[in-house]
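Colleague: First, the structure itself, so that you have it in front of you.
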Amino acid sequence: MSAHHQPLYIIAAHGGAGYHPPASDSSLKRSLRAAISSALPAFSGTTTHSSSTSSGGSISETPSSALDATTAVIVALEDDPDFNAGYGSNLTFDGQVECDASLMLSTEEGRPSPPSPSSSPSFSFSFGSVGAVRGVRNPVLLARCVLEGRRRPEREREKGLGMGMGMGMGRVPPLMLVGEGAVQFARERGARVGDTPLEEMVAPRARQEWRVWRERCRRWEDDDGRGDGDFESSKDLSLGELEAAELEPEPLRVRLDTVGAVALVGEARDIGQLPEVAAGVSSGGILLKHSGRVGEAAVFGSGCWAERSASGRSVACSVSGQGELIMQSFLAKSLAERTAASTEGDTHEILRSVLVDQFYGKWNQRGEHQPAVGVLLLTQGVDGDEDTARLWCAFTTQSMAVAYASSRHPKPKARVLRNTEHDFSNDDGRPPLLITTLPC
């Protein structure tokens, strides 16, 4: 496609809000840049692209550059053992990988023809998610299957057989599926997923961290008089793991590095491109979680949101942090809807208000010590001018890793942002919130 035909696009990813050791900066940024690069082909042609599973089974029926790009980025991060998603996921208390993921797309369906002063374009949004799935290296592809199922015209659903191919007779397509039901749904739609042996889902780093933290739990329960011996024996740990277990443990809450992505594509009428915006998130959940726990990455309105409002303002966000608090706050939906409704250009103040007043302050007053949250937020103003597109990052944790590229700056860039507010927040009571914009 020639440059003058290519619409505005922005793609951005985050590696989660939490703590990223400075020694890992180079590898994190390299992985994030590679993930962004994997998404760029989605913007190189028309809007008709095809996402596929890692084993080759095509699952895409929705022509969407923004959705394809978001999916591609998250697939790349799920394949990377350094991120808490897919293959690199934290382990449950029982030592298994259980993943959550979701995707959301908002697009303009079309304008009345001929247009009139009172007419306005119509918009739609679609969402799909999966929770607590095992044996799936790329859970975001299952979430895509669920989203696709909700977008199918009713007449096509009625031609299929079973839940996976059709939902006739008034049956409602699922918004979220969990466990084996999610895998079955994807298989019925032709995707080859869920075939990865459970032991092959466990990355070496995740296994080592699990062993160390299990030992810490064993020692804590023994000291507390509640031990029952149902733990891996200390003699099975290496010397390094035993030494790590004896160190003063950092809070488990810092190990919350959910990954996610946001994407925006502007209008290009000469190639049939209508505006669209997408968001997604994927996570292995908190380390040592109870089996069956579903986090914010799978819950509607919590982990991600994408919206193009009737005024023409586009918003997409992807959230990371303490899932139970995020879910109770409907954080992604609350933040995106306030941003989409605003006409004052006050995104910085909206971020501060939502993350401090509605999230951090509320949960801090209820006894939560330093509630952890991070947000990657993409906005575009009502006039459609490229200069109104903005990429924001805000977080209360020690660090957050991000990467991004756009039609104006197609070479992927990555940064590990560090929060200096976090160092002294306990001294003066101020919420350790960092808000910054990223050039796109």
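The values are calculated or read from the model by the stated rules, or taken from the named source; none is laboratory data. Note that the coordinates shown come from a computational prediction; the quantities given were computed from them, not determined experimentally. Using ideal geometry, Cβ is built from the backbone for each residue, glycine included, and neighbour counts are taken over all protein chains shown.
Colleague: Any idea how many residues of the stretch 67-93 are of a type in the set (Ser, Thr, Tyr) and part of a helix (DSSP H, G or I)? Reasoning before the result, please.
Modeller: Initial filter on the stretch 67-93 (of a type in the set (Ser, Thr, Tyr)): 70-71, 87, 89, 92.
Still in the list and also part of a helix (DSSP H, G or I): 70-71, 87.
Residues meeting the conditions: 3.
Colleague: How many residues does the stretch 29-56 contain that are assigned to a helix (DSSP H, G or I), in contact with a Gly (Cβ under 8 Å, 6 or more places away or on another chain) and at pLDDT below 95? Explain how you work it out, then say what you get.
Modeller: The initial filter retains those residues of the stretch 29-56 that are assigned to a helix (DSSP H, G or I), namely 29-43.
Among the residues that remain, those that are also in contact with a Gly (Cβ under 8 Å, 6 or more places away or on another chain) are: 31-32.
From the residues that got through so far, the ones that are at pLDDT below 95 too are none.
Matching residues across the stretch 29-56 total 0.
Colleague: Still on this model: Quick one: ILE59 ticks every box in (1) among the aliphatic types (A, V, I, L, M); (2) surrounded by 19 or more Cβ atoms within 10 Å (Cβ to Cβ); (3) modelled with pLDDT of 90 or more bar one, so which box is it?
Modeller: (3)
Here is a yes/no grid of residues against (1) modelled with pLDDT of 65 or more; (2) of a type in the set (D, E, K, R); (3) more than 23 Å from the chain's Cα centre (by Cα):
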position	(1), (2), (3)
GLY110	no, no, yes
CYS145	yes, no, no
PRO153	no, no, yes
GLU156	no, yes, yes
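Colleague: Scanning the stretch 158-180 for residues that are surrounded by 13 or more Cβ atoms within 10 Å (Cβ to Cβ) and part of a helix (DSSP H, G or I), which turns out modelled with the lowest pLDDT? Write out each step before concluding.
Modeller: To start, the set of residues in the stretch 158-180 that are surrounded by 13 or more Cβ atoms within 10 Å (Cβ to Cβ) comprises 158, 160, 163-168, 173-180.
After this cut, where a residue has to be part of a helix (DSSP H, G or I) as well, the list is 163-165, 179-180.
Working: MET163: 47, GLY164: 43, MET165: 46, GLY179: 97, GLU180: 96.
If we take residues in the stretch 158-180 being surrounded by 13 or more Cβ atoms within 10 Å (Cβ to Cβ) and part of a helix (DSSP H, G or I), then GLY164 is modelled with the lowest pLDDT.
Colleague: Right, another one. Quick check: anything in the stretch 189-205 modelled with pLDDT under 95, surrounded by 24 or more Cβ atoms within 10 Å (Cβ to Cβ) and part of a helix (DSSP H, G or I)?
Modeller: no
Colleague: Tell me which residues, restricted to the stretch 133-144, are touching a residue at least 60 places away in the same chain (Cβ under 8 Å) and buried (at least 24 other Cβ atoms within 10 Å of the Cβ).
Modeller: The initial filter retains those residues of the stretch 133-144 that are touching a residue at least 60 places away in the same chain (Cβ under 8 Å), namely 133-141, 143-144.
Of everything in the stretch 133-144, those that are touching a residue at least 60 places away in the same chain (Cβ under 8 Å) and buried (at least 24 other Cβ atoms within 10 Å of the Cβ) turn out to be VAL133, VAL136, ASN138, PRO139, VAL140, LEU141, ALA143, ARG144.
Colleague: Follow-up question, since we're still on this one. GLU307 versus (1) within 18 Å of TYR9 (Cβ to Cβ); (2) crowded, with 21+ Cβ neighbours inside 10 Å; (3) modelled with pLDDT under 80; (4) charged (D, E, K, R): which is the lone unmet condition?
Modeller: It is condition (3) that GLU307 fails.
Colleague: Ok, one more. Pick out the one residue from GLY367, GLY381 that is closer than 23 Å to ARG430 by Cα, modelled with pLDDT under 95 and not charged (D, E, K, R). Give the steps one after another, and end with the answer.
Modeller: On the way: GLY381 fails: closer than 23 Å to ARG430 by Cα.
When all the criteria are applied, what remains is GLY367.
Colleague: Quickly run through the stretch 351-362 and pick out the residues that are under 21 Å from PHE300 (Cβ atoms) and surrounded by 21 or more Cβ atoms within 10 Å (Cβ to Cβ).
Modeller: The answer is VAL354, LEU355, PHE359.
Colleague: Using the structure shown, decide if SER291 is small (Gly, Ala, Ser), closer than 30 Å to THR107 by Cβ and modelled with pLDDT of 90 or more.
Modeller: Values: small (Gly, Ala, Ser): yes; closer than 30 Å to THR107 by Cβ: no; modelled with pLDDT of 90 or more: yes.
Taking the combined requirement at face value, the residue does not satisfy it.
Colleague: Another one. Could you list, in sequence order, all residues of the stretch 319-333 that are surrounded by fewer than 19 Cβ atoms within 10 Å (Cβ to Cβ) and of a type in the set (S, T, N, Q)?
Modeller: GLN328
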